[in-house]
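Peer 1: What follows is a single structure, and I will ask about it in a moment.
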Amino acid sequence: MSACGNEARYAIWRRDDSSVVSCTEKVKVMNENLDELVQAMQDAFEDGLLMEVSEAQMRDVLHRLVDHLKNPYHR
């Protein structure tokens, strides 16, 4: 399953200096990771809804997960 159902679903991956990441293999890995994340999040979201968890709460929890990601490479 794709993030939005078409090829326009992917970002143009950029570095901190705004230059484009153009390496085909890096872009491929990033896009595959995005597809996997979308599927895992969709599955968790649907499971929550089936278990009668509030849709708003499910969305909030998923947003907070992203907000709390740590950058292990921070300089």
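The values are calculated or read from the model by the stated rules, or taken from the named source; none is laboratory data. Everything quoted here is computed from the prediction, not taken from an experiment. Because the Cβ atoms are built from the backbone with ideal geometry, glycine has one as well, and the counts that use them run over all protein chains shown. Side chains included, ligands, DNA and RNA excluded: accessible areas come from the protein's heavy atoms. Shrake-Rupley method; radii C 1.70, N 1.55, O 1.52, S 1.80 Å.
Peer 1: Find the accessible area per residue for the chain; the probe is 1.4 Å, ligands and nucleic acids are left out, and the unit is Å². Don't jump to the answer; show the numbers that get you there.
Peer 2: Details: 6530 Å² over 75 residues.
On a per-residue basis, 87 Å².
Peer 1: How far apart, in nanometres, would the label points at residue 33 and residue 47 be if each is projected 7 angstrom from Cα along the Cα-to-Cβ direction?
Peer 2: The answer from the label model is 2.2 nm.
Peer 1: Can you send over the carbon and sulfur percentage of the accessible area for the chain, probe radius 1.4 Å, protein chains only? Can you show the working numbers first?
Peer 2: On the way: 3640 of 6530 Å².
Heavy-atom surface of the chain belonging to carbon and sulfur, 1.4 Å probe: 56 percent.
Peer 1: Excluding ligands and nucleic acids, what accessible area in Å² is computed for residue 46 using a 1.4 Å probe, to the nearest 10?
Peer 2: 90 Å²
Peer 1: Right, another one. By per-residue mean of other Cβ atoms within 10 Å, what is the highest-first order of 68-75, 51-58, 30-37? Please list the in-between numbers first.
Peer 2: Numbers: 68-75: 5.6, 51-58: 10.5, 30-37: 13.1.
Those peptides, ordered most packed to least, come out 30-37, 51-58, 68-75.
Peer 1: What shape does the chain take by its C-alpha gyration tensor, where a ≥ b ≥ c are the square roots of the eigenvalues and a/c under 1.5 counts as rounded, a/b above b/c as prolate, and the rest as oblate? Don't jump to the answer; show the numbers that get you there.
Peer 2: On the way: a/c = 2.91, a/b = 1.61, b/c = 1.81.
Oblate is the answer for the chain, as a/c is 1.5 or above yet b/c matches or exceeds a/b.
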